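The values are calculated or read from the model by the stated rules, or taken from the named source; none is laboratory data. These numbers come from a predicted model, not from an experiment. Quick reminder, even Gly has a Cβ in these numbers, built from the backbone with ideal geometry, and neighbours come from all protein chains shown. Just the protein is used for accessible areas: all its heavy atoms, side chains included, with ligands, DNA and RNA removed. Shrake-Rupley method; radii C 1.70, N 1.55, O 1.52, S 1.80 Å.
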Amino acid sequence: FIPGVSKPQDPIDYEENRKVYKAEQGLRKLERKMRELRKLLVVVKQTGDKQETKKLTEDIKTLSSEIDAYCTRYGLKRQFARETVKENY
């Protein structure tokens, strides 16, 4: 801080910071689960099991709506790049 040049920083609300951190960690957990399901879907598609592919696709849709609801509840922005999986292994 330089008097007359810069403004002092606002004090950090540690309780609010903790809440946001916990909410973001919950979102990361859901994103990991989504990546896991999508990786499994890629493998199942390669085996040609249509019944399992359909089940996994439904699971992914359900989880996607859960993530949307979670983001809405905690005021977070969904980052789709954290959920993507390359399909050409």
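Computed quantities for the displayed model
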{"read-out": "Boolean, residue 87 is in a helix (DSSP H, G or I), surrounded by 10 or more Cβ atoms within 10 Å (Cβ to Cβ) and more than 17 Å from the chain's Cα centre (by Cα)", "value": "no"}
{"read-out": "Region 60-89 residues that are more than 15 Å from residue 38 (Cα to Cα), paired with ones that are in a loop (DSSP other than H, G, I, E, B) and open to solvent by less than 100 Å² (accessible area, probe 1.4 Å) (beta carbon under 7 Å, 6 or more apart)", "value": "68/78; 71/78"}
{"read-out": "Filter result (touching a residue at least 40 places away in the same chain (Cβ under 8 Å) and open to solvent by 90 Å² or more (accessible area, probe 1.4 Å)) within region 32-44", "value": "39"}
{"read-out": "Of all residues in region 53-72 being in contact with a Leu (Cβ under 9 Å, 6 or more places away or on another chain) and of a type outside the set (S, T, N, Q), the one that is farthest from residue 27 (Cα to Cα)", "value": "56"}
{"read-out": "Single residue of 5, 42 found to be in a helix (DSSP H, G or I) and out of contact with any Cys (no Cβ under 6 Å at 6 or more places or on another chain)", "value": "42"}
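Okay, residues lined up against (1) loosely packed, with under 14 Cβ neighbours inside 10 Å; (2) at pLDDT 95 or above:
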site: 3; (1), (2): yes, no
site: 9; (1), (2): yes, no
site: 22; (1), (2): yes, yes
site: 27; (1), (2): no, yes
site: 30; (1), (2): no, yes
site: 49; (1), (2): yes, no
site: 65; (1), (2): yes, yes
site: 71; (1), (2): no, yes
site: 76; (1), (2): no, yes
